[in-house]
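The values are calculated or read from the model by the stated rules, or taken from the named source; none is laboratory data. As the structure is a prediction and not an experimental result, all values here were calculated from the model. Virtual Cβ from ideal backbone geometry, glycine too; neighbours counted across all protein chains shown.
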There are 2 protein chains.
Amino acid sequence: MSADGTWNIQYLPLKLVDPVPSDIAISRSQTPKNIEQLGREIGVLPDELDPYGKKKAKVSLDVLKRLQHVKDGKYIVVAGITPTPLGEGKSTTTMGLVQALGSHLHKNVFACVRQPSQGPTFGIKGGAAGGGYAQVIPMEEFNLHLTGDIHAITAANNLLAAAIDARMFHESTQKDDALFNRLCPANKQGHRPLSAVQKRRLVRLGIPDVDDANQLTPEQRVKFSRLNIDPNTITWNRVIDTNDRFLRGIEIGLGPSEKGHTRKTQFDIAVASEIMAILALTTSLADMRERFARIVIGSDTEGKPVTADDLGVTDALTVLMRDTVRPNLMQTLEGTPVFVHAGPFANIAHGQSSILADKVALKLVGEHGYVVTEAGFGADIGMEKFFNIKCRYSGLKPSAVVIVATVRALKMHGGGPPVVAGAPLKHEYLDENLELVAGGCDTNLRKQIENANKFGVPVVVCVNKFSTDTDKELEMVVNKALSHGAKKAVVSSHWSEGGAGSVQLAQAIVDITSGPHPDFKYLYPLEMSLEDKIATIAREIYGADGIELSDEAREKLKRYTQQGFGNLPICMAKTHLSLSHDPTKKGAPTNFTLPIRDVRASVGAGFIYPLVGEMTTMPGLSTRPCFFDITIDPETELIDGLF
Amino acid sequence: MSADGTWNIQYLPLKLVDPVPSDIAISRSQTPKNIEQLGREIGVLPDELDPYGKKKAKVSLDVLKRLQHVKDGKYIVVAGITPTPLGEGKSTTTMGLVQALGSHLHKNVFACVRQPSQGPTFGIKGGAAGGGYAQVIPMEEFNLHLTGDIHAITAANNLLAAAIDARMFHESTQKDDALFNRLCPANKQGHRPLSAVQKRRLVRLGIPDVDDANQLTPEQRVKFSRLNIDPNTITWNRVIDTNDRFLRGIEIGLGPSEKGHTRKTQFDIAVASEIMAILALTTSLADMRERFARIVIGSDTEGKPVTADDLGVTDALTVLMRDTVRPNLMQTLEGTPVFVHAGPFANIAHGQSSILADKVALKLVGEHGYVVTEAGFGADIGMEKFFNIKCRYSGLKPSAVVIVATVRALKMHGGGPPVVAGAPLKHEYLDENLELVAGGCDTNLRKQIENANKFGVPVVVCVNKFSTDTDKELEMVVNKALSHGAKKAVVSSHWSEGGAGSVQLAQAIVDITSGPHPDFKYLYPLEMSLEDKIATIAREIYGADGIELSDEAREKLKRYTQQGFGNLPICMAKTHLSLSHDPTKKGAPTNFTLPIRDVRASVGAGFIYPLVGEMTTMPGLSTRPCFFDITIDPETELIDGLF
């Protein structure tokens, strides 16, 4: 590291090939640096780096303490306009931008992205982070297992699930005395010592200062021993990191040993677990433990919330998740650092990579450096949740937002025919059509820029260039973006040129963040009622006239407010294919009321999530999943067909 | 490394404390060497070592190629007499023995042990490998996640499970043409190219040399497309590494999207997966892929086996399991190397650590070194399967067997009162009682020694010393062991003294293995019929008069023989608490017929397993699981209550 804190880092030169080869071919053509070398280059001490093989490593949170005196770098979030079902390249832009800031402008820069779910990788062709000459490498390490964080989440989630059903079973098959005696067994001296988690339950029941359960009255013993979980209120599902549609609806407890105590429930994909959302939003291992304690798994027969702490499992979950709080270090194709850490569902959760990765990265890059993080889905969902949920819990203030647009998506918003995955693109998308482009810019792009400006954060619009785009189309997007409120607008060709194709974007970010820090503000205060918070997002961000609550949704909002969760932020579960709730409505729809079908709570993660329509939490396998094309050479260990 | 191949290794001195502290206290009192240092010391090249943090690492199978000219070391298996429910210290003896051979006799030595299942760790107090001053460290790394092998097994197992139900669903909801067109989609040129796994299915159907599915006749298309799995024959269960009794019996497919295609099935604990047995028995990544291809998940409606390869998932499983073939390196309390690799269930599978770990270790220690591996359960199960299954697939020839006995277990076999976990020991076990000891020596110990001798392998009996044992009792066991056919018999106090307490045992191993290699032989040839193989084990090893097959078992043996699996070895699923099928019968029972309730096949792993009684494949959680006592300090990250 040089005296001014600039990293002395070895960049990896690209050998650009035209036409651009497949993602996996490009990924393989580059030899990544040994991860310990990268760690040294960016100022991570050897003691703070735990390699997992030679291409990935976990970085200790000790960095935060050691560098607490260092000022944070600039904090950039990459969002996008409402995408087509094909995606518009937010991840690719994120990688192109950091490759340009690092390898070309020689700034300290970090990308922070989500870890993908492994399940869908074997159903449909797997996603990499980025594509073309803007990628995280090696792609197969990124997509498979990584350092085991999602596996730990599965283990923790399912331990809690097993604890719920086992507890209900034991409560229903044991009389009061037997249950109490088993929960608080007497030692040789006849005392019944309580464990720490049991004492916390007594405190919550208003019975503090008890060390020996013998001191409890008969009534208190029953109150303590019986959680009386109402099975109909349980919202905690089991999870698995496999696309297994037959687990969407199951009945459990059919074995003879469970004596007829059956229950209907379901499995979700692992990344939909609240444990994943907690990993993404936590700020330390201690904070994570507190969030686990607060997890509400359902209500008791009196309507009171039952928590993971009531079940006694808080610290066990923390033990299983101990290593996951450390962000996972990888690198881009050009050798700049990337944290791959946490990947909560973007529909029922907030869809952001972790706060901890961003925090560690902001210290490592230092005051003159840059951290670029990505917000899942379109800006109406991803950016809104980034600002209102993630930044609220982290306390971090964003410096700028990049809104990624493509001529293709803009044409769709301007009235072009539907874009369908798997089907060939219609000619409107292959030939110049300025009218459609203008229509998209004046509706969806305009609205997404205006939304970002509501938070006080300056906007750079990045047009992710495709080979079919014409100069006139690209010029129009740039001009329209500026007239609709973007501070800067540039065309970027990172997919075909890597960082070299993103230098203009990188320079725009440097320029826009060189002044004083913007006056960032949240869209709503937490003190607002849950209903008003939902309505605010619907009106201000989606352009709705208001919201319509179902009876069930209204009932839930009332219950959550009574239970003391009224001051949590809102995490909308809405389609990302429209600013409205209707995926067929493109552009910037108006004159609609947003229907709220139901409401759920992730109290541990710390948000209430209203359901706008049905959200699938378990993908399936098609008749011919991509695993038919997957091959591995047992000698070279090279994998084909996965990406 | 010195000129004669002896390692230049730093041993970790023990500071023995009396009375012996808790396992976790001892584990924490020792600072393990950095795993990269240990790798260097034992001759693993830096390129062959992938650290996972600083205390564990994966070792590349490239070692096998690089050291192919090196002669294998001596190969020692540790087995035991029939144990009490408390266990008699096979793992502790394994660790004590290698600590003595290494740190005290300065031999090159490796221990190879199983990875424990994580699920039970949160139900009952977790097991470490070993205990007292003979342990693998650090204990929490050993017990939690390790390098993710079990998580990979879960992912692979469940991908196959999801593929089965999805395939049955798609076959039942699509007409012949639609199904064929989806399985073999046409490309732009109208060709229907087949993937490698699809071509293999055509070869099995007797339709070779087809590259374009358009060449198939209508009949061939149906034959190719429809697996026609008979749902009643499916033996492939889903798995999870959690003690979740409510998944012992479940019904799946209850979601509306599955249109009423429900099915009853179950989850097993992850280590019960056949994928785990395959990991333990495989000899290379290529061999593993072949075993995956052969996995039989059930039969079609004509009674023919349906394989993982028919489902198209072979290489995808191999991709998920790619990293797992590399053994995991850890260390003992005294700094000698340990491989922790694979841990198949010892009841329905063969219960041995991996062949690959043993093979790599045998090359690393070299001709004058020692590899000590452990066989799960009593010798009648563990040792028999080690010889007849593991050694058969590995081609390795054992040099000696250690049979671990305790005065406690011998007294039980001699007629002592039942030993019950959790209940205080009766006075017979605390006071000197030579009559009971003699009874145990003349029955169970005698039979287990005789069994070992049937394989031509010399026996060392190790009496694992407890503080309540008297000199006369110990002396009696030693003398009786020698008179019943052991080549050597020694008392060992590794639990309280570490390697120093096992020097006599180590010296006995050195002595007994210094001559020519023993004339090892299997108990039965593979060509024998399945029924005769089962009867041979029952008569020769258990002391039964013969076997009695249920109708179901007889039917299955017939079917497996017809399907071509008659030449597989046998993996008995029998209680480990008696030489017979009745856990209450101690000593060496005679005059009994072994009932075979049912028979199953693990064709990929490569064995047939007869079920003698009910075998639980999913543990549960009690009213007060040990997680109530688990705590973690978020600052120091120290875990308590787990062990």
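Return the pair list, or none, for Cβ contacts closer than 9 Å from residues in segment B:9-20 that are in contact (Cβ under 8 Å) with a residue 40 or more places away in the chain to residues that are of a type in the set (Phe, Trp, Tyr) and buried (at least 16 other Cβ atoms within 10 Å of the Cβ), at least 6 apart or on different chains.
Partner pairs satisfying both residue conditions: B:LEU14/B:TYR133; B:LEU16/B:TYR133; B:VAL20/B:TYR133; B:VAL20/B:TRP495.
State yes or no: is B:GLU497 of a type in the set (Asp, Glu) and touching a Ser or Thr at 6+ places or on another chain (Cβ under 6 Å)?
Values: of a type in the set (Asp, Glu): yes; touching a Ser or Thr at 6+ places or on another chain (Cβ under 6 Å): no.
In short, no.
Quick check on my filter: what residues within segment A:349-371 are of a type in the set (Ser, Thr, Tyr) and touching a His at 6+ places or on another chain (Cβ under 7 Å)?
Keep residues of segment A:349-371 that are of a type in the set (Ser, Thr, Tyr), which gives A:353-354, A:370.
Those that are of a type in the set (Ser, Thr, Tyr) and touching a His at 6+ places or on another chain (Cβ under 7 Å): A:SER353, A:SER354.
Might you let me know whether segment A:208-230 holds any residue that is facing chain B (nearest Cβ under 9 Å), in a helix (DSSP H, G or I) and of a type in the set (A, V, I, L, M)?
Our first condition is that a residue be facing chain B (nearest Cβ under 9 Å); within segment A:208-230, this holds for none.
No, there is no match, as no residue in segment A:208-230 is facing chain B (nearest Cβ under 9 Å), in a helix (DSSP H, G or I) and of a type in the set (A, V, I, L, M).
Looking at segment A:34-62, I want the residues that are among the aromatic types (Phe, Trp, Tyr) and have a partner that is at pLDDT 95 or above and in a loop (DSSP other than H, G, I, E, B) with Cβ atoms under 6 Å, at least 6 apart or on another chain. Which pairs are those?
Within 6 Å, the pairs are A:TYR52/A:THR147.
Conditions first: (1) within 11 Å of another protein chain (Cβ to nearest Cβ); (2) under 25 Å from B:VAL296 (Cα atoms). B:ASN181 passes all but one, so which condition is the exception?
(2)
Going residue by residue through segment B:423-433, is there one that turns out to be assigned to a helix (DSSP H, G or I) and under 25 Å from B:ASP511 (Cβ atoms)?
Taking segment B:423-433 as the starting set, the residues that turn out to be assigned to a helix (DSSP H, G or I) are B:427-429.
Still in the running and under 25 Å from B:ASP511 (Cβ atoms): none.
No - not one qualifying residue is present in segment B:423-433.
Table: residues versus (1) aliphatic (A, V, I, L, M); (2) in a helix (DSSP H, G or I); (3) over 30 Å from A:THR324 (Cα atoms).
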{"position": "B:LYS55", "(1), (2), (3)": "no, no, no"}
{"position": "B:LYS65", "(1), (2), (3)": "no, yes, yes"}
{"position": "B:ASP72", "(1), (2), (3)": "no, no, yes"}
{"position": "B:VAL78", "(1), (2), (3)": "yes, no, yes"}
{"position": "B:PRO83", "(1), (2), (3)": "no, no, yes"}
{"position": "B:GLY87", "(1), (2), (3)": "no, no, yes"}
{"position": "B:THR93", "(1), (2), (3)": "no, yes, yes"}
{"position": "B:GLY102", "(1), (2), (3)": "no, yes, yes"}
{"position": "B:ALA111", "(1), (2), (3)": "yes, no, no"}
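In segment A:78-113, what residues are surrounded by fewer than 24 Cβ atoms within 10 Å (Cβ to Cβ) and within 24 Å of A:ALA277 (Cα to Cα)?
Matches in segment A:78-113: A:PRO83, A:GLY87.
Checking A:GLY566 against (1) part of a loop (DSSP other than H, G, I, E, B); (2) more than 14 Å from every other protein chain (Cβ to nearest Cβ); (3) buried (at least 19 other Cβ atoms within 10 Å of the Cβ); (4) within 25 Å of the chain's Cα centre (by Cα), which test does it fail?
(3) is the only condition that A:GLY566 fails.
Within segment A:240-260, restricting attention to residues that are part of a loop (DSSP other than H, G, I, E, B) and more than 7 Å from chain B (Cβ to nearest Cβ), which residue is nearest to B:MET618 (Cα to Cα)?
Here the residue is A:LYS259.
So which of B:LYS359, B:LYS385 ends up being within 21 Å of B:THR82 (Cβ to Cβ) and not in a loop (DSSP other than H, G, I, E, B)?
Values: B:LYS359 fails: within 21 Å of B:THR82 (Cβ to Cβ).
When all the criteria are applied, what remains is B:LYS385.
Could you list, in sequence order, all residues of segment B:155-178 that are surrounded by fewer than 20 Cβ atoms within 10 Å (Cβ to Cβ), of a type in the set (Gly, Ala, Ser) and either within 9 Å of chain A (Cβ to nearest Cβ) or not in a helix (DSSP H, G or I) (or both)?
Within segment B:155-178, B:ALA178 is the sole residue that qualifies.
Taking interchain pairs and intrachain pairs at least six residues apart, which have beta carbon atoms under 6 angstrom, with the first residue in segment B:381-409 and under 21 Å from B:LYS71 (Cα atoms) and the second in a helix (DSSP H, G or I) and of a type in the set (Gly, Ala, Ser)?
B:VAL401/B:ALA452
Name the single residue, out of those in segment A:184-198 being buried (at least 17 other Cβ atoms within 10 Å of the Cβ) and without any contact (Cβ under 8 Å) to a residue 24 or more places away in the chain, that is farthest from the other protein chains (Cβ to nearest Cβ).
In the first step, residues of segment A:184-198 are kept if they are buried (at least 17 other Cβ atoms within 10 Å of the Cβ); the result is A:184, A:192, A:194-195, A:197-198.
Checking which are without any contact (Cβ under 8 Å) to a residue 24 or more places away in the chain leaves us with A:192, A:194.
Working: A:ARG192: 11, A:LEU194: 9 Å.
Residue satisfying both the conditions and the ranking: A:ARG192.
Across segment B:607-618, which residue is farthest from the other protein chains (Cβ to nearest Cβ) among those that are of a type outside the set (A, V, I, L, M) and assigned to a loop (DSSP other than H, G, I, E, B)?
So in segment B:607-618, the residues of a type outside the set (A, V, I, L, M) come out as B:607, B:609-610, B:613-614, B:616-617.
If we keep only those that are assigned to a loop (DSSP other than H, G, I, E, B) too, we end up with B:613-614, B:616-617.
Details: B:GLY613: 15, B:GLU614: 10, B:THR616: 9, B:THR617: 11 Å.
Filtering first and then ranking leaves B:GLY613.
A:GLU290 versus (1) within 8 Å of chain B (Cβ to nearest Cβ); (2) assigned to a helix (DSSP H, G or I); (3) out of contact with any His (no Cβ under 9 Å at 6 or more places or on another chain): which is the lone unmet condition?
Among (1) within 8 Å of chain B (Cβ to nearest Cβ); (2) assigned to a helix (DSSP H, G or I); (3) out of contact with any His (no Cβ under 9 Å at 6 or more places or on another chain), A:GLU290 violates only (1).
If you check B:PHE386, B:PHE377, which single one turns out to be out of contact with any Cys (no Cβ under 9 Å at 6 or more places or on another chain), over 27 Å from B:ILE42 (Cα atoms) and of a type in the set (A, V, I, L, M, F, W, C)?
Numbers: B:PHE386 fails: over 27 Å from B:ILE42 (Cα atoms).
Exactly one of B:PHE386, B:PHE377 is out of contact with any Cys (no Cβ under 9 Å at 6 or more places or on another chain), over 27 Å from B:ILE42 (Cα atoms) and of a type in the set (A, V, I, L, M, F, W, C), namely B:PHE377.
Do we have B:VAL203 as farther than 27 Å from B:THR631 by Cα and more than 8 Å from chain A (Cβ to nearest Cβ) here? I'd like the intermediate steps shown before the answer.
Values: farther than 27 Å from B:THR631 by Cα: yes; more than 8 Å from chain A (Cβ to nearest Cβ): yes.
Here the answer is yes, as B:VAL203 does meet what is asked.
Within segment B:619-643, take every residue that is more than 8 Å from chain A (Cβ to nearest Cβ) and closer than 24 Å to B:HIS576 by Cα and give me the one that is surrounded by the fewest Cβ atoms within 10 Å (Cβ to Cβ).
B:PRO619
May I ask you to say which residue of B:ARG597, B:ARG559, B:ARG554 is over 21 Å from B:ARG392 (Cα atoms), free of Cβ contacts under 8 Å to residues at least 24 places away in the same chain and surrounded by fewer than 24 Cβ atoms within 10 Å (Cβ to Cβ)? Can you show your working first?
Values: B:ARG597 fails: free of Cβ contacts under 8 Å to residues at least 24 places away in the same chain; B:ARG559 fails: free of Cβ contacts under 8 Å to residues at least 24 places away in the same chain.
When all the criteria are applied, what remains is B:ARG554.
Here's the yes/no breakdown for (1) of a type in the set (Ser, Thr, Tyr); (2) within 27 Å of the chain's Cα centre (by Cα); (3) surrounded by fewer than 24 Cβ atoms within 10 Å (Cβ to Cβ); (4) assigned by the TED database to the domain that holds A:SER580:
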{"residue": "A:HIS427", "(1), (2), (3), (4)": "no, no, yes, no"}
{"residue": "A:LEU430", "(1), (2), (3), (4)": "no, no, yes, no"}
{"residue": "A:ASN433", "(1), (2), (3), (4)": "no, no, yes, no"}
{"residue": "A:ARG446", "(1), (2), (3), (4)": "no, yes, yes, no"}
{"residue": "A:ASN453", "(1), (2), (3), (4)": "no, yes, yes, no"}
{"residue": "A:VAL463", "(1), (2), (3), (4)": "no, yes, no, no"}
{"residue": "A:ASP469", "(1), (2), (3), (4)": "no, no, yes, no"}
{"residue": "A:LYS480", "(1), (2), (3), (4)": "no, no, yes, no"}
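Yes or no, residue by residue, for (1) over 19 Å from B:LEU474 (Cα atoms); (2) in the same structural domain as B:PHE345 (by the TED database); (3) of a type outside the set (Phe, Trp, Tyr); (4) touching a Ser or Thr at 6+ places or on another chain (Cβ under 7 Å):
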site	(1), (2), (3), (4)
B:ALA405	no, yes, yes, no
B:LYS411	no, yes, yes, no
B:VAL419	yes, yes, yes, yes
B:GLY422	yes, yes, yes, no
B:LEU436	no, yes, yes, no
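Give just the number: which of (1) more than 13 Å from the chain's Cα centre (by Cα); (2) modelled with pLDDT of 95 or more does A:PHE386 not satisfy?
Among (1) more than 13 Å from the chain's Cα centre (by Cα); (2) modelled with pLDDT of 95 or more, A:PHE386 violates only (1).
Name every residue in segment B:136-154 that is modelled with pLDDT of 95 or more, aliphatic (A, V, I, L, M) and in a helix (DSSP H, G or I), in order of residue number.
Answer for segment B:136-154, where residues must be modelled with pLDDT of 95 or more, aliphatic (A, V, I, L, M) and in a helix (DSSP H, G or I): B:ILE150, B:ALA152, B:ILE153.
Residue-wise test of (1) free of Cβ contacts under 8 Å to residues at least 24 places away in the same chain; (2) of a type outside the set (A, V, I, L, M); (3) in the same structural domain as B:GLU41 (by the TED database).
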position: B:ASP300; (1), (2), (3): no, yes, no
position: B:GLU334; (1), (2), (3): no, yes, yes
position: B:ALA349; (1), (2), (3): no, no, yes
position: B:LEU362; (1), (2), (3): no, no, yes
position: B:VAL372; (1), (2), (3): no, no, yes
